[in-house]
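Contents: one structure, followed by commentary.
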Amino acid sequence: MDKNEILKQIDSLSEKKLEAMYLNDFLLTWDKSEDEIAATLQTAEILKSLRQNNISSRLYESGLAISIFRDQSTRTRFSFASACNLLGLAIQELDEEKSQIAHGETVRETANMISFLAEVIGIRDDIYLGEGHTYMLEVARAVEKGHQEGVLPQRPTLVNLQCDIDHPTQTMSDAFHLIHYFGGVENLKGKKIAMTWAYSPSYGKPLSVPQGIIGLMTRFGMDVVLAHPERYNLMPEVMDIAQKNCVQFGGSFNQATSMEDAFKDADIVYPKSWAPYSVMEERTRLLQGGDRQGLQDLEKRCLETNKHHIDWECTEKRMQITRDGQALYMHCLPADISGVSCERGEVASTVFERYRVAQYMQAGYKPYIIAAMIFLSKFKNPAEELSQLVNQARPRIN
Amino acid sequence: MDKNEILKQIDSLSEKKLEAMYLNDFLLTWDKSEDEIAATLQTAEILKSLRQNNISSRLYESGLAISIFRDQSTRTRFSFASACNLLGLAIQELDEEKSQIAHGETVRETANMISFLAEVIGIRDDIYLGEGHTYMLEVARAVEKGHQEGVLPQRPTLVNLQCDIDHPTQTMSDAFHLIHYFGGVENLKGKKIAMTWAYSPSYGKPLSVPQGIIGLMTRFGMDVVLAHPERYNLMPEVMDIAQKNCVQFGGSFNQATSMEDAFKDADIVYPKSWAPYSVMEERTRLLQGGDRQGLQDLEKRCLETNKHHIDWECTEKRMQITRDGQALYMHCLPADISGVSCERGEVASTVFERYRVAQYMQAGYKPYIIAAMIFLSKFKNPAEELSQLVNQARPRIN
Amino acid sequence: MDKNEILKQIDSLSEKKLEAMYLNDFLLTWDKSEDEIAATLQTAEILKSLRQNNISSRLYESGLAISIFRDQSTRTRFSFASACNLLGLAIQELDEEKSQIAHGETVRETANMISFLAEVIGIRDDIYLGEGHTYMLEVARAVEKGHQEGVLPQRPTLVNLQCDIDHPTQTMSDAFHLIHYFGGVENLKGKKIAMTWAYSPSYGKPLSVPQGIIGLMTRFGMDVVLAHPERYNLMPEVMDIAQKNCVQFGGSFNQATSMEDAFKDADIVYPKSWAPYSVMEERTRLLQGGDRQGLQDLEKRCLETNKHHIDWECTEKRMQITRDGQALYMHCLPADISGVSCERGEVASTVFERYRVAQYMQAGYKPYIIAAMIFLSKFKNPAEELSQLVNQARPRIN
C-alpha cells in the first residue's frame, strides 16, 4: 500500500464502532464484535504498510510493555517484543523465578507492583486447563481496580499470548493470512476449513489453537470441520461458541471422525497435534496435588495413547482429496515434520515444504496483529492517531 | 500539578545547593544533605507531574542503564526499569551466572567492562551483612577511577537498590508517601513513627529497611521509636546516625521492648520482619567458609527462634492504641499477611486491607524517586533541564 | 575530533568502495577488502567522536537487534548491547533454553521466526571446532533466503561475536587500539607482534583470538610471530590465510617455539591461553557422541597437559627482551593474572597493571567497532548518512 491507500484504509477504520476496545483487553476473539475483529485486522495491515513505507509508528516516547511467559516461547516472545518496539514500548519481562514474589503474594498485588509505568501486559499461560484464562482475568481485574483506586496512573492493556482456551494472536494472524490468500474477507464465506488433530511424538500440547480456530473461523461464514480421534475433544464451551457463530454468521460447524472426511473438498487444512482432554484435566489435578510421579506416569500413558493414532498425518495422499488437491495447508508452527524433526509426525515433509513460505509469511503477520491489539486499546481515536502518523511521516530509519 | 505549578516547583529547586550530587552516587540517605534529600523528593514530584501532563522526560536518545541484582526482586526491578525508561535509558542486566566473569576477575575490571556506554548502575546486594555496601563502594571507586583514567567516557552513577545497610529508594518513597499523607514535610515534625519488628514464617530478611527508616525519618524531626525482640538489634553504626540526626534535626529516637509501647500514640506504624543480627553475622561467616550444612542448620534455628515471637503481629487491637486508633500502617511490601499469605504473619488481614491502597500508592512513587536520583546526579543544572522539558512539552504519548 | 575533523573523516570514507558490505554480514575479517576493513575502523572512530560531541547516532526509531549467546559473555554482551542502543535498536535475546525450539526444528525456521522485525543478529558460538562459523553461515543463508522469498521485510545483518575460527569484533578493536597507540595505520608496517600461547589453569579456551590476530594483523604489513607449545597449533586454514596476507600486504608470518624467541625485539606481545587443537577436535567428537564421562576425562587430561607449560608466562624478565623492553602488552580480557586471579597464570601482575589502562581503553573500542559493522551493512550510502547526523546534530543527551 502506498500513502494514499493507507489513508483510505484509515478512513474506513474511522467508520467502525471501536469504543469498547479502548482501555480493554484482548483475551478471547469471541469477546470481540465484528467491527472490532475487522478493525484489528485492518490496523495490522496499516501498521505493516507504515513500516513498509518507512513511516515510524513509535507513538510512545517512554512506557513499559511487560511480558509474563509461563511456558516456553520463541515465536510469540519475539512477536510481542517486535510489536511493542514498533510502538515505542520497552519490554520488561516478569521472570517469576527471579522475582521476589512471596509465597501467597496475591496476583492483585504483583499485578499492581509491576504496572506503575506499564502500558501493556502480554501473558502466555497455556499449560493447565482452567488456569490460564482465569489468571488473565485476575490480572485484568487487578489492574482495572488499581487504576480506579488511583494506584495506577494508566490502565495497562492485557494481551492474551496464549491461554488454555484461546490463542488470539495466532488465530488472528491465521485469519490475516487467509484473507490475503483468498483476496478478501468476503471470499472466506463458504470456504471449507478442516481443523484436525495430527499425530506428534510429543506430549501435552495445549488445546487453545484448535479451539481458537473453530471459535474464530466460524465468524467469517466458513464451513468449519473438526476431526480428532476419540477422547481428543475440545472444551464444550468453545464448541458451543462455534455453533452459535454459525447461526449468527451463516457458516457451518461439523465434526468428522477421520482426517479423510475432514479433508474431503477442504479449501484449507489445519492438521495439528493436541493432548486428550481428559489428560489435560488430569494433569491440572496432579499438578495441583504436587504429584510428580503421577505426572510422569501420565506423560508416558499419553504418549502411548498418541501412538495409536500415528496414522493421523497430513500426507500427500490426503492432500489429494482436498478441493482440486490444492487446499491451503496451515500450521501455527513449529510443526512436527515426518522425517525432518521426527520419524513420524504431523505432516509429510513434501507437503510442509510446499507451503513453507506461506507459513512463514503467516507467522510474520503476528507482530502487526499484536501491535494492532495494543494500539486499539490504548488510543481513543485510532483513525485520527494513524492519520497523524502518516502526515508526520517520521522515518523509521533515518 | 499543572504546568504553572510545575514551573514553580522547578524554581524552588533552583535555589537548592545540589553541586555535590552531580556525578555522585546515591548509596545512603545520611550521606546526603538536607537540600539534597528535599531536592530528590521534589524532583520525583516534578517527574511524576510531567508524566501526568503527558510531557516526555526522555532526556537520553541513547545510553545504557545497568542493573545488578544479587537477590531476587520484583518491585525494585520494575521500578528501576520504569525509572530508566522514563529518562530514555535502555536496561541491560548483568546476570552474573551468564557472564564470563573469570574466577578472581576483579570488581574493578568488570565494573569498567560493562560501563563504556552506561549512564547508571543500579545494584541490589542485601543478603550478607558487611558485603552489599562494601561492594557498591568498590564499584563506585572503580568507575570513578575508570573515568579519571580516560577508560570511561562518562562516570556512571550508582543507585543503591538495597544493600545490607540502607534501602534508600524504599525509604525515600516512604518519606514521599508520608509527606503526601500529612500534607507537607513540615507536618512530619513531632509525628511519632513506630518502626517495629514483626513475626514472619520466613528467614533472613535484611536489616536495611528498619535501618533506612530510623536513619531517614529522624531527619524530618520525627519521634522515631524502634522495637524488636531481644537479639533482633540493628547495626550500631546506624543507631548512632539516628541519634545524631535527633540532635541536628530536633526529633527523638527511642527504643521500646514491646509492640505495645512502640504503638502507643503512634501516628505511623511500620511493623516488619527482619533477621536477628547475630544470625546475619553468622550467615556471612558460614557463606564465606562455604559451609552449606551450617547454613541450613542456621536457617532452621532462626525459624525456631522467630517462632518465639509469633505474637509480634500488627493486630487490630494493637492498632487501637495508636493515635486515635488511626495510625498510618506502612510496609515495604510484600507483607506476610496472617491468613492470606501465611497462617500467622506480620499483619492482620483487616489492617493490611484498610491501608492497602495507600501502600500500593506508596510503592508507585519508587519509579519517580529512582528517576530523580539518577537525574540529579547526571545533570549539572537540574532546574534548567526540567524547565526545558516543560517548555518543549514533547508528548510522552504522541 | 571536532565537527570539522569528523566531516573530513566522513569525506574520506565516501571514497572507499563499500558496496559489498551493504546487506552483508561480518563473519571473518579476511572476507573483507582493505577498503572495508579501513572503513570499519574509520566509522568506529566517527561514531565514537559523534558521541563525544553529544551528537546522537540513533538512526532507528524502532527495530530489534537479536543476540544469541551460546557461550558465556560479559564484555561482548555489553558491547553488542551498547552498539545497538547507540543506533536505536532494542536488544532481544534468544535464550535457547526458554525458547520453544522443537527438537529438530530447523535453523532455517528459527532464524526466520525471530527476524521479522530484526535489523541485526549477533551470535557467539565459539565452543566447538567446526561448529560456530558453520552455524552462522546457516543462519545467514536462512535470513538471506527468507528475505528473497518475501518472508522477511528486511535482511538482518549477522555480526560474529566470536566463533570457532575468528573473533572479528575483538581483533578489530585490537587493531583500532594499535592504530591509536602507534599514531596511524601506516605505522604498523614492519612492527613485530608476538602472538603467543600462555599458561592458564583453565580449560578449553577457543582458538579464535590467536587465529583472528594472525589473520588480521598480517594485513597491516606487520611481522607476526606465532609461538605455542607443541600440539597447541591453530587451524591450518587460518595459517594459510596469514601466509597469503604476507604476500599481498608485504609483512611476514613466522613461528617460534618459545616465548623468548617470539618476544625478542617485539613491538607488541599478545600472550594468551588456548586449548590444544587435538583437544578441541576430540571435544567436538565427544560432545556429538554425548559422551559426558569422556568430556570430563578430557578436561582433566587437558589441564594436566597445560601444567607442563606453566612457564609460558608473560613475566617482567621476558618483557625486557622486547623492543627496548617496552613492547605493548595486549590481551582480550579477562586475563589470568598470576597472584591475582590465580596462583600462576598468563601474565605477571606488574606487567598487567602497567598496561591495564591501555587494555581497558582497548576494550572500550568494541561498542563502536560493532556499531560500525552494523551501520556499514545497513546503509547504502554510509558517508551521506553520517554527514546527515553531523548536520542534524541532534543531541544524544538533551
_Listed residues C:ALA358, A:SER62, C:GLY294: farthest to the positive end of the dipole of the protein assembly as shown (Cβ charges)_ = A:SER62
_Rounded to whole Hz, the Karplus (6.51, -1.76, 1.60) HN-Hα couplings of the stretch C:145-157, x for glycine and proline_ = 5, x, 5, 4, 6, x, 6, 9, x, 9, 9, x, 8
*Quickly work out the B:LEU295-to-B:TYR22 label distance, labels modelled 7 Å from Cα along the C-beta direction, and quote it in nm with one decimal.*
4.5
*Could you give the size of the charge dipole of the stretch B:305-363 about its Cα centre, using +1 on the Cβ of each K and R and -1 on the Cβ of each D and E, expressed in debye and rounded to the nearest 20?*
100
_Rounded, prolate or oblate (a/c below 1.5 giving rounded, otherwise prolate when a/b exceeds b/c) for chain A by Cα gyration tensor_ = oblate
_What distance in nm lies between label points placed 7 Å from Cα along the C-beta direction at B:LYS317 and B:ASP265?_
2.3
_I'd like the trypsin sites (Lys or Arg not before Pro) in the stretch C:166-212 restricted to DSSP loop residues with at most 16 other Cβ atoms within 10 Å, sorted by number._
C:LYS189
*asked:* Just to confirm my numbers, what's the Cα centroid distance between the stretch C:14-65 and the stretch B:166-219 in Å?
replied: 51
*In peptide B:56-67, how many Cβ atoms from other protein chains are near each Cβ within 10 Å, on average?*
5
_Loop-located GluC sites (Glu not before Pro) in the stretch B:12-79, at most 15 other Cβ atoms within 10 Å (DSSP)_ = B:GLU15
*Mean separation of Cα pairs under 8 Å and 6+ residues apart, divided by the residue count of the stretch C:61-218: what relative contact order is that in percent?*
22
*Between A:VAL357 and A:GLN288, what is the FRET efficiency for a Förster distance of 60 Å, r being their Cβ-Cβ separation, to the nearest 0.05?*
0.90
_Restricted to Cα positions, what overall size does the stretch A:300-365 have along the principal axes? Three whole-Å values, descending._
36, 28, 18
*May I ask you to evaluate 6.51 cos²θ - 1.76 cosθ + 1.60, the Karplus curve with θ = phi - 60°, for each residue of the stretch A:257-269 and list the ³J(HN,Hα) values in order in whole Hz, giving x for glycine and proline?*
10, 9, 4, 4, 4, 5, 6, 3, 6, 5, 8, 9, 10
*What's the local net charge at B:GLN154, with K and R +1, D and E -1, over the other residues with C-beta under 12 Å away?*
+2
*asked:* List the aspartates and glutamates whose Cα sits under 13 Å from the Cα of A:LYS380, skipping any in the same chain fewer than 8 residues away.
replied: A:GLU19
*Which part of the stretch A:339-367 falls in the paramagnetic zone of A:ASP324, meaning amide N under 20 Å from the point 7 Å along Cα-to-beta-carbon?*
A:351-352, A:354-359
_Which residue, B:ASN4, A:GLN42, A:LEU18, has the largest displacement toward the positive end of the dipole of the protein assembly as shown when charges sit on each Cβ (Lys, Arg +1; Asp, Glu -1)?_
B:ASN4
*asked:* Checking the cross-link filter: which aspartates and glutamates have an alpha carbon closer than 12 Å to that of B:LYS272, excluding same-chain neighbours under 8 positions apart?
replied: B:GLU313, B:ASP336, B:GLU346
*Dipole of the stretch B:244-373, positive direction: furthest Cα of B:TYR368, B:PRO276, B:PHE249, with charges on the beta-carbon*: B:TYR368
*asked:* For C:LEU328, what residues show an amide H to amide H distance below 5 Å, using hydrogens built from the backbone and excluding near sequence neighbours?
replied: C:ILE268, C:VAL269
_Mean separation of Cα contacts under 8 Å (6+ apart) over length of the stretch C:27-126, as relative contact order %_ = 35
_Dipole in debye (nearest 20) - the protein assembly as shown, about Cα centre, beta carbon charges: Lys, Arg +1; Asp, Glu -1_ = 1480
*Within chain C, helix-based [θ] at 222 nm, where runs of 4 or more DSSP H residues each add -39,500 (n - 2.57), nearest 500*: -14500 deg cm²/dmol
*In peptide B:337-349, what is the residue-averaged number of other protein chain Cβ atoms found within 10 Å of each Cβ?*
2
*Taking the Cα centre of the stretch A:243-398 as origin, work out the dipole magnitude from +1 charges on Lys and Arg Cβ and -1 charges on Asp and Glu Cβ, in debye rounded to 20.*
640
*How much FRET efficiency would the formula 1/(1 + (r/R0)^6) give for B:ASN381 and A:ASN54, where r is the Cβ-Cβ distance and R0 is 30 Å, rounded to 0.05?*
0.20
*Per-residue mean of other chain beta-carbon atoms within 10 angstrom of the beta-carbon, peptide C:365-375?*
1
*Karplus-derived 3J(HN,Hα), 6.51/-1.76/1.60, for each residue of the stretch B:177-191, Hz, glycine and proline x*: 4, 5, 4, 5, 5, 9, x, x, 4, 5, 7, 6, 3, x, 6
*asked:* For the stretch C:122-265, what is the number of Lys pairs with C-alpha distance below 25 angstrom, counting only pairs 8 or more positions apart or on separate chains?
replied: 8
_Once you keep just the Cα pairs under 8 angstrom separated by 6 or more residues, what percentage relative contact order results for the stretch C:202-275?_
42
*For the protein assembly as shown, divide the Cα radius of gyration by the Kirkwood radius and give the resulting Rg/Rh value with two decimals.*
0.97
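Rule-based calculations on the coordinates, nothing more; no lab input. Quick caveat: nothing in here was measured; it's all calculated off a predicted structure. Cβ sites come from the backbone with ideal geometry, for glycine too, and all protein chains shown count toward neighbours.
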